[in-house]
Amino acid sequence: ETPDLTSAAVPTCGGISSPGNPYPCCTVGTNTKLGNCTFYAWHAAKTFWGYSMPSWGGNGASNAGKWYDNARNISGLPTSRTPALYSIAVSSTLSASGHVAWPMEFADDMLYVYEQGCGLTTLNVIKKWRSVSTFNKGYILSPISAPKPTISLATVGPIFKSNTTQP
């Protein structure tokens, strides 16, 4: 059965609460609130970056597969073709509408992503390894600049070579 994305946005989708999220849950037959990759990607960007991703309108303009181009060309958000953690990974080929996910780990040519899927019966966040090649479009990066980390060293006294424990 084909998922229905015409329902209005809701504050909870697939077990995830995300007030203000403009993306709808998917509905398949009588099953409602089954998750949506765009809903979760918006939620992750808001949670991790403190940034509300735009919605680019109806008629498929906000489909996951279009997020990379829309973010770059319409919204001026930073993008990269290189895999990036804590970004939005974008595929235009994983489904007819594309797919977005949130990379949390990177190993070899694999990304461990957090995601939701349209029409899946799994609630909450799905965590799985996906090939980097899955995300053929690229990665949307945080538009919020984080402060540069600083390092400080505090010692009680001089550091010297000793066979005993130093304060």
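What follows draws every value from the coordinates through simple rules; no lab data is involved. All values reported here derive from a predicted model rather than from experimental measurement. Positions of Cβ are backbone-derived with ideal geometry, glycine not excepted, and every protein chain shown enters the neighbour counts.
Once R0 is set to 22 Å, what does the formula 1/(1 + (r/R0)^6) return for the Cβ-Cβ distance between S52 and T82, expressed as a FRET efficiency to the nearest 0.05? With a Förster radius of 22 Å, E is 0.35.
Spin-label pair F106-S145: with each label point 7 Å from Cα along the Cα-Cβ axis, the two points sit 2.2 nm from one another. Computed across region 60-103, the Kirkwood radius stands at 10.6 Å (inverse of mean 1/r, all Cα pairs).
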